[in-house]
Amino acid sequence: MGCKCCGRKLNVGMIHKVDVNTGQKFKSCPHCSDANGSEHVFHPYPAAFGKTPARKTARNPEGFQSYCYDCRSLPKGVTSRAHVNGKFCSSLD
């Protein structure tokens, strides 16, 4: 399913945005976005995401996780509840 704001798939986790008022960086969480169902859900980046050497790539040289901390701690198959705490795609530039 696509985001009603930007049109990209909701399960894409490497979408970055910046709050133009504060300069704070944000990254989408695909699990939160799927739970929302209509727009990407963003959390502060890098604070809300962990790192692991296993995730290091040319596009992700520091190895940041795709899912936010809250979603990674959920058992498989459990819907995110953290999406209500994030910022929606339409609220960020």
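The values are calculated or read from the model by the stated rules, or taken from the named source; none is laboratory data. This is a predicted model, so every value here is computed, not measured. Don't worry about glycine lacking a Cβ; one is built from the backbone with ideal geometry, like all the others, and counts go over all protein chains shown.
Summary of computed values
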quantity	calculated
Residues of segment 74-88 satisfying the condition of being within 12 Å of the chain's Cα centre (by Cα) and part of a loop (DSSP other than H, G, I, E, B)	S80, G86
Long-range neighbours under 8 Å by Cβ, at least six apart or interchain, first residue aliphatic (A, V, I, L, M) within segment 9-22, second modelled with pLDDT under 90	L10/M1; M14/R59; M14/N60; V18/D93; V20/D93
Restricting segment 1-24 to residues that are under 15 Å from S66 (Cα atoms) and of a type in the set (D, E, K, R), the residue that is surrounded by the most Cβ atoms within 10 Å (Cβ to Cβ)	K17
Considering residues of segment 60-73 that are closer than 18 Å to I15 by Cα and among the hydroxyl-bearing types (S, T, Y) only, the residue farthest from the chain's Cα centre (by Cα)	Y69
G2 under 21 Å from S90 (Cβ atoms), among the small types (G, A, S) and in contact with a Lys or Arg (Cβ under 9 Å, 6 or more places away or on another chain)	yes
Condition broken by C71, with the remaining ones in (1) in a loop (DSSP other than H, G, I, E, B); (2) touching a residue at least 40 places away in the same chain (Cβ under 8 Å) satisfied	(1)
Residue in segment 52-65 that is surrounded by 15 or more Cβ atoms within 10 Å (Cβ to Cβ) and among the polar types (S, T, N, Q) present	yes
Wholly within segment 3-63, strands (runs of 3 or more DSSP E) carrying at least 1 residues that are at pLDDT 95 or above and over 17 Å from N85 (Cβ atoms)	none
